[in-house]
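First comes the structure, then the notes that go with it.
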Amino acid sequence: MASLGPVPWPPRPIRTARLVLRQSSPRDRAAFIELLASPEVRTYLGGPRQRDELERELPEVPAQRAGHFVVDLDGAMIGIVKLDRRDATGPGQVYPEANEVELGYMFLPDAWGRGLAAEACAAALDWLTTTLPGEPVVLCTQVANDRSMRLAAKLGFTEVERFEQYGAEQWFGVLTPGARPA
């Protein structure tokens, strides 16, 4: 993934009905390790990473770059939402030159099933619409990931193509400007 580009960063925290999207801080490091080491979270993302490896490699303040939001519920990190430029060399592109913004997210299992991912992703997409107007957004997920497929539909993504990658069928969709349901 490439950087989102020159955007004002960090923005002021984004508040939704239940959440705060904010820049990461040192207090989030343990939750990042939990996310990346979780077999449940990483089922469709290549499997969990080793906790001791993460302890050694993860910086004191993880994911501190433009487009990367910590999702905070009641003062604790429950997940991340990120907006990055999609790698132009892989499958799944909307434009020949690629470089579209790609939505990614991970949430701790305790946050699943309550609409928190949809709320957080919608807030991040609203921020992107204001920050980079007219920018199309793409999302790629394994077809087997039912939760992610439902979230893509709920957010207004439409299928562009399917392809085989990482030993699984992948779904690739696009959210065109103004297409997201209110």
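The values are calculated or read from the model by the stated rules, or taken from the named source; none is laboratory data. Since the structure is predicted, the reported quantities are computational estimates derived from the model, not experimental observations. Virtual Cβ from ideal backbone geometry, glycine too; neighbours counted across all protein chains shown.
When the range 16-31 is filtered for residues that are touching a strand residue (DSSP E or B) at 6+ places or on another chain (Cβ under 8 Å), touching a residue at least 60 places away in the same chain (Cβ under 8 Å) and not in a helix (DSSP H, G or I), the ones remaining, listed by number, are Arg18, Leu19, Leu21. For residues that are of a type in the set (Gly, Ala, Ser) and assigned to a strand (DSSP E or B), scanning just the range 126-175, find the one that is nearest to Val20 (Cα to Cα). If we take residues in the range 126-175 being of a type in the set (Gly, Ala, Ser) and assigned to a strand (DSSP E or B), then Gly173 is nearest to Val20 (Cα to Cα).
Residues in the range 102-117 that are within 20 Å of Ala63 (Cβ to Cβ) and in contact with a helix residue (DSSP H, G or I) (Cβ under 8 Å, 6 or more places away or on another chain): 7 in all. Against the condition in contact with a Lys or Arg (Cβ under 8 Å, 6 or more places away or on another chain) and under 19 Å from Leu83 (Cα atoms), how does Val138 come out, does it pass? Answer is yes for this residue.
Assessment of the range 48-69 against the conditions (buried (at least 18 other Cβ atoms within 10 Å of the Cβ) and free of Cβ contacts under 8 Å to residues at least 24 places away in the same chain) yields at least one matching residue. Restricted to the range 120-147, and to residues there that are touching a Ser or Thr at 6+ places or on another chain (Cβ under 6 Å) and buried (at least 18 other Cβ atoms within 10 Å of the Cβ), the residue that is farthest from Val41 (Cα to Cα) is Ala123. Cβ-Cβ contacts under 7 Å between residues 6 or more apart (or on different chains), taken from a first residue in the range 78-98 that is surrounded by fewer than 18 Cβ atoms within 10 Å (Cβ to Cβ) to a second residue that is at pLDDT below 80 and of a type in the set (S, T, N, Q), are listed as Arg85/Ser3; Arg85/Asn99; Ala88/Asn99.
Can you say whether Ala31 is over 19 Å from Gln142 (Cα atoms), touching a Lys or Arg at 6+ places or on another chain (Cβ under 9 Å) and surrounded by 16 or more Cβ atoms within 10 Å (Cβ to Cβ), as far as the supplied structure shows? No: the conditions fail for Ala31.
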